[in-house]
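One structure coming up, written as structure tokens, with questions to follow.
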Amino acid sequence: RGGRSSRGTEFLTLALLESGDTAAAWRYGADGLAQARRAGDLRSQASFLGLMAIVDQRAGRIPDAAARLRESLEIATRMGDPIYQLNCLDSCGHLYAAMHRWAEAVTVWAALDAQSASHGFIDVPQDAQRRQAPLRAAQQALGPVQISAAEQRGAAMTAATAVDRKST
């Protein structure tokens, strides 16, 4: 029963986040994370941390977003769950883009592409669409030579290495 309740809270948090109600998303996310921690539910902890990182990033709380992403990735790595690791990479790229750190964003998203391919996953269309505007901004800011170099760096990285870059 706890798993279903947690899953419902995750979906509600995501729906609120997507609707733009970040305050409500934060409240449900924080409650869900607290419940997951009490229950020792690592999967839900990783998920809520990732969702709350998105809320933090959209609210301009970049250090908080980075800390939540790092913790989510640590849990996902411990669980051996590549999906949560890939979600962290995507969020990390958006975090870099929000800071106009274009080369880092491109590098992390290239790592996302490489890691997704290595696991046989395809990109979620909505996620790919969300990356389009920041990738265009990166191309304008960096130019083709720097974009290519960033893509090559990312293609050679593991998920953990790519997400850990945000602390540098």
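Do the conditions hold for Arg37, that is, is it farther than 22 Å from Tyr96 by Cβ, charged (D, E, K, R) and at pLDDT 95 or above?
It is true that Arg37 is farther than 22 Å from Tyr96 by Cβ, charged (D, E, K, R) and at pLDDT 95 or above.
Residues in the range 68-82: is at least one without any contact (Cβ under 8 Å) to a residue 60 or more places away in the chain, more than 25 Å from Gly120 (Cα to Cα), basic (Lys, Arg) and out of contact with any Gly (no Cβ under 9 Å at 6 or more places or on another chain)?
Within the range 68-82, not a single residue is without any contact (Cβ under 8 Å) to a residue 60 or more places away in the chain, more than 25 Å from Gly120 (Cα to Cα), basic (Lys, Arg) and out of contact with any Gly (no Cβ under 9 Å at 6 or more places or on another chain).
Go through the range 115-147 and report how many residues are basic (Lys, Arg), within 22 Å of Asp81 (Cβ to Cβ) and open to solvent by 60 Å² or more (accessible area, probe 1.4 Å).
Qualifying residue count for the region: 1.
Here are Ala162, Ala97, Ala150: which of them is under 16 Å from the mean Cα position of the chain (by Cα), modelled with pLDDT of 95 or more and open to solvent by less than 20 Å² (accessible area, probe 1.4 Å)?
The match here is Ala97.
A further question on this structure: Please determine whether any residue of the range 34-48 is within 20 Å of Arg130 (Cβ to Cβ) and surrounded by fewer than 22 Cβ atoms within 10 Å (Cβ to Cβ).
No - not one qualifying residue is present in the range 34-48.
Further question: Output the residues belonging to the range 8-57 that are part of a helix (DSSP H, G or I) and free of Cβ contacts under 8 Å to residues at least 12 places away in the same chain.
Gly8, Phe11, Ala15, Glu18, Ser19, Ala23, Ala24, Arg27, Ala34, Arg37, Arg38
The values are calculated or read from the model by the stated rules, or taken from the named source; none is laboratory data. Quick caveat: nothing in here was measured; it's all calculated off a predicted structure. Here the Cβ is made from the backbone with ideal geometry for all residues, glycine too, and neighbour counts use every protein chain on show. Note: areas computed on protein heavy atoms with side chains; ligands, DNA, RNA excluded. Shrake-Rupley method; radii C 1.70, N 1.55, O 1.52, S 1.80 Å.
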